[in-house]
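Trainee: Just passing along the structure, written as structure tokens.
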Amino acid sequence: MTTMSLQWNKLMLVTTIVSVLLICSFGRGDVGVNYGLNGDNLPSPSEVVGMYQRCGIPYMRIFEPKPDVLDALRGTEIILSLGTRNEDIQNLAQSQEAATAWVSANVQPYANSVKIGWITIGNEAIPGPSAAFIGQAMTNVRNSLASIGLSNIAVTTVVSMEALSVTYPPSAGAFSNEAVNPMRSIVQYFANAASQTPIPLMVNIYPYFAYASDPDHVPLDYAMFHATTPVVDGELKYFSLFDAMVDSFYAALDKIKAGTVPLIVGETGWPSAGNDPKTSKENARTYNQNLVSHIKGNGTPRKPGQLLTAFLFEMFNENKKEAGVEQNFGLFTPDKQPVYPFWDC
């Protein structure tokens, strides 16, 4: 057998293994962590990958390709969600060659040694100037992956609550006028994409921002999974704002006849400082610990049997972000010390 044939067979074996891992773990209530790099004092990627391994964090999400991060992940069991920059979406949509070049540079060199589970086309680009291009960009990237035998990598995008025109109650969930057509094109992509693994939509869910913007009407206990009196929506009872926000997306997808599209929570978390007393280390620890416990055993009232995979935001406090809460979502400080007790590592 030629060297090229051996390399190809090895690549296909790794792809199959990743596919099986995703099928077995998707929707199991697992928790990963976002890894941002907006800091000038952060540990090296190899140190960070070591932290993920010691802490037993199974999933990592990065927002754009970083060769040093991808190199550090080689040979590990960490499953990666790899993002594209928002400014690249239009080019990826308008040129199959550009999509192929992106895959050739950022996926193919790592495919036999890094477990890439998802590629996310942009982050919170709906609504926005790139929104109309996301569906075609997803199609082009998927075509490029399929051409080199990597069709088992799920291609998706990430949306925030801003895509919804009505947030509460969950049954009233609907996409905004600026979001509904891009969402329909994405759903059409999901319908057309033949894949052995589920293709989820990633959604960013932040009860903190809802609570901080309206504490008179959003009780802290409801945001923290501690409510004892439910918010009733028809026949459904909500004891957490997190569930209500997730179900708003499920309801909105139902309204555009896409109720079978599964969700992954691409970001969720609570800042430990920057807006006292709403932010504190204790509030951040409580929210994140309750979130982990909740999703490991519960779906939502609208989808009670469908457990969620979620990515906590985020690994480190990053000093190059906007001052205030944005610099204080980290689980660790840049010197690798925990901001508050959380991981057993």
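Trainee: Residue by residue through the stretch 283-288, what is 3J(HN,Hα) from phi via Karplus (6.51 cos²θ - 1.76 cosθ + 1.60, θ = phi - 60°)? Round to whole Hz and write x for glycine and proline.
Mentor: Going residue by residue, I get 4, 5, 4, 4, 4, 5 Hz, with x marking Gly and Pro.
Trainee: On to the next question. Rounding to the nearest 10 and keeping the result within 0 to 90°, find how far the Cα-based axis of helix 96-106 lies from the longest principal axis of the chain.
Mentor: 80
Trainee: Going by C-beta contacts inside 10 Å, put THR167, THR268, THR228 in order with the fewest on the left.
Mentor: On the way: THR167 17, THR268 26, THR228 7.
Fewest-to-most Cβ neighbours within 10 Å comes out as THR228, THR167, THR268.
Trainee: Given points 7 Å out from each Cα along the Cα-Cβ axis, report the GLU322 to GLN337 separation in nanometres with one decimal.
Mentor: With each label point 7 Å from Cα toward Cβ, the separation is 2.9 nm.
Trainee: Below 22 Å Cα-Cα, how many Lys pairs turn up in the chain? Only count pairs eight or more apart in sequence, or on different chains, if you could.
Mentor: 16
Trainee: Can you tell which of ALA146, THR228, MET245 lies farthest toward the positive end of the dipole of the stretch 29-327, using +1 and -1 charges on the Cβ of basic and acidic side chains (Lys, Arg; Asp, Glu)?
Mentor: After comparing all options, I get ALA146.
Trainee: So what is the relative contact order for the chain, in percent, with contacts set as C-alpha pairs under 8 Å and at least six apart? Spell out each step's value before the answer.
Mentor: Values: 670 pairs, mean separation 68.4, N = 345.
Answer for the chain is 20 percent.
Trainee: Return the equivalent ellipsoid semi-axes of the stretch 29-327 as a descending list in whole Å, where each equals the square root of 5 times an eigenvalue of the C-alpha gyration tensor. Let's see the in-between values first.
Mentor: Numbers: eigenvalues 177, 117, 59 Å².
Largest first, the stretch 29-327 gives 30, 24, 17 Å.
Trainee: Using only Cα atoms and rounding to the nearest 10 degrees, what angle (0 to 90) does helix 177-192 make with the longest principal axis of the chain?
Mentor: Long axis of 177-192 versus the principal axis of the chain: about 40 degrees.
Trainee: On C-alpha positions alone, give me the angle between the axis of helix 241-255 and the longest principal axis of the chain, in degrees, nearest 10.
Mentor: Taking the Cα atoms of the chain, the angle to 241-255 is about 60 degrees.
Trainee: Now for a different question. Please list, in order along the stretch 328-334, the HN-Hα scalar couplings obtained from phi with the Karplus expression 6.51 cos²θ - 1.76 cosθ + 1.60 (θ = phi - 60°), rounded to whole Hz, x for Gly and Pro.
Mentor: Once rounded to whole Hz, the list reads 10, 8, x, 7, 10, 7, x.
Trainee: Also, quick follow-up: Quick check: the distance between the Cα centres of the stretch 266-307 and the stretch 187-260, to the nearest angstrom?
Mentor: Distance between centres, Cα-based: 13 Å.
The numbers here are math on the coordinates, done by the rules we state, and not lab data. The model shown is predicted, which means the values in this text are computed figures rather than measured ones. Please note: Cβ atoms are built from the backbone with ideal geometry, for glycine as well, and neighbour counts cover all protein chains shown.
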